[in-house]
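Chemist: My questions will all concern the structure given below.
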Amino acid sequence: MRSYTQLTQAERYQIEALHGAGQSQTAIAAQLNRSQSTISRENAATLENRSKTAPGLRQRHPC
């Protein structure tokens, strides 16, 4: 059985940036050494969170 490790915040930001740059889920998964389904779930969660954010407001990334 495989062990599960949560995505780090840095990985989440990287997924969002790569997705925004037009990278496929398969390419992102390979780059981060993660399952394609993990990337798919993260993208879905990101889209769901954005839909809950008030229009015109943008979440800030602590960079």
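Chemist: Restricting attention to segment 1-53, which residues are among the aliphatic types (A, V, I, L, M) and outside any helix (DSSP H, G or I)?
Modeler: First, the residues of segment 1-53 that are among the aliphatic types (A, V, I, L, M): 1, 7, 10, 15, 17-18, 21, 27-30, 32, 39, 44-45, 47.
Within segment 1-53, MET1, LEU7, ALA21 meet the criteria.
Chemist: Sort out which residues of segment 15-52 are more than 11 Å from the chain's Cα centre (by Cα) and modelled with pLDDT under 90, and write them in order of number.
Modeler: Within segment 15-52, GLU48, ASN49, ARG50, SER51, LYS52 qualify.
The values are calculated or read from the model by the stated rules, or taken from the named source; none is laboratory data. Everything numeric in this text was worked out from a predicted model, so none of it was measured.
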